[in-house]
Structure formats: C-alpha cells, structure tokens
Amino acid sequence: MSEIKIQIDQLQAQHDRLQKERDQLQERMNHLEEQREYLQMQTDQAFRSADEIEKICDEIWHHANTIHLYSSLAEEESKSITMKKTKRNYSNN
C-alpha cells in the first residue's frame, strides 16, 4: 500500500511540474502573440507610410515634369523673340 502512495505522490509531483510548465508555455505563447500583434501593427504602418511616400514622389514627379514643360516652352518663346528681333535688325539695316 505504501508503494502505491509513493507512486501517487510521484505522479502528483509530475502532474504539478507539467502543469507549471504548461502555464509557463501559455504565458510565453501569450507574450509571443502580443509581440506578433505589435509587429503586425508596425508592418501595417510601414506599408501606409510607403504608400504615402509613393504618392508624394508621384506628385513631385508631376510637378517636376510641369516645371520642365514650362521651362522648355519659355526657352522656345525666348528663342522665337530673339529670332524676331534679329530679323527686325537685319530688315532695318
């Protein structure tokens, strides 16, 4: 009978250790889940930031192209005015 009691005590001790280990693993799993959620939020924010940056870059590109177009048009107009003045000077001489 005392042998059975010893086995029961050993099984109870093993059960307690396993229960403690399970609790620790559950706590670790909860911690990892919190970390995963935090990293997911950071990832989502990074994607939103990347989208905003891409929109800003597109807008800058559009403005740069507009400036380039107006610059080219102004240059052409300047050349045209200069050519007209040159022609007028030759005509007057």
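The values are calculated or read from the model by the stated rules, or taken from the named source; none is laboratory data. What you are looking at is a predicted structure, and each value in this text was computed from that prediction instead of being measured. Here Cβ is always computed from backbone atoms with ideal geometry, including for glycine, and neighbour counts include all displayed protein chains. Just the protein is used for accessible areas: all its heavy atoms, side chains included, with ligands, DNA and RNA removed. Shrake-Rupley method; radii C 1.70, N 1.55, O 1.52, S 1.80 Å.
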Query raised in the report: From the residues ASN30, THR82, SER49, which one has its Cα farthest along the dipole of the chain in the positive direction, the dipole being from +1 and -1 charges on Cβ of Lys/Arg and Asp/Glu about the Cα centre?
Result: THR82
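What percentage of the solvent-accessible surface of the chain, computed with a 1.4 Å probe over protein heavy atoms, is contributed by carbon and sulfur atoms? It would help to have the intermediate numbers written out before the result.
Details: 5260 of 9180 Å².
Answer for the chain is 57 percent, counting heavy atoms of protein chains only.
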Query raised in the report: Taking K and R as +1 and D and E as -1, what net charge do the other residues with C-beta under 14 Å from the C-beta of ASP51 add up to?
Result: -3
Requested in this report: Provide the gained length on full extension for the span PHE47 to SER72, in nm with one decimal, where the gain is 0.36 nm per separating residue minus the Cα-Cα distance.
Outcome: 5.3 nm
Query raised in the report: Against the longest principal axis of the chain, how steep is helix 2-92, in degrees 0 to 90 to the nearest 10, with axes from Cα atoms?
Result: 0
Query - Mean projection area, nm², convex hull over Cα of the chain - result: 8.1
